[in-house]
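Heads up: the structure comes next, in structure tokens.
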Amino acid sequence: RAVCGGGEMRTRWAADCLAPALLRSAAIGAGHVQLDCVWAEAEQTYYVLDLLAWKGLRLVDHPYEERVFWAASKLAEVHADRQASTNPCRFVHLPPSGRCSAATLSTAYYRGGGASRDGLLFYHNEGLYEAGPSPLLLLWSDASCSSRFYDYGSAQMARELAAAPDKAARWRPGETEAALPIGALLAACEGAMEADSGAAAGR
């Protein structure tokens, strides 16, 4: 099964997706696999962001860095990224761009990673997996890196909210001061790096 960031189950696979390949693999054996994914319908591909459980082993209480390592190695073992008659949906591990710095952030924003984007996702390396909102995980986007982003205060956003008022609770259109542009994020990264360098030099 795949679980969305809000904790609800995105889908459960039976005999038509990854389960057959996993269950037949000697590397898996008994137990369930639980992933946090983004579904790209046009590509019929699940992009794996996180690994919650593998072969019955619970991983939500492990730091993010450990879960990323497990996801990359275990999915490679079972060739989950290969599409076949027994595995019609591909499961592709989406590795992090690296530790957040002005350079990695700029690369992720301006160059992308080859796949269609819907924003930038920030994880705390030591964060445990928690369902629902968490200060240790941030999804950030603007109109340049997400086709679903609407500029705050724009007529486009007003029309979308008029058509679907329930979106206001999630979009929080009144909190315009929280909508940081990419320039502010890059400046914050540079400032944090300078502060770290200064602290290291003072030791």
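None of the figures in this text is laboratory data; all of them are computed from the coordinates on show. Being a predicted model, the structure only gives us computed values, none of them experimental. Counting neighbours? That spans all protein chains shown, and the Cβs are built from the backbone with ideal geometry, glycine included.
Details
- Residues of region 33-77 with amide N under 20 Å of a point placed 7 Å along Cα→Cβ from S147: 38-48
- Neighbours of G183 by Cβ distance under 14 Å: Lys/Arg scored +1, Asp/Glu scored -1, total -2.
- Region 35-93: C-alpha gyration tensor shape, a/c 1.5 cut-off, then a/b vs b/c: prolate
- Amide H contacts for A53 (H built 1.01 Å from N in the peptide plane; partners 5 or more residues away or on another chain; cut-off under 5 Å): Q34, L59.
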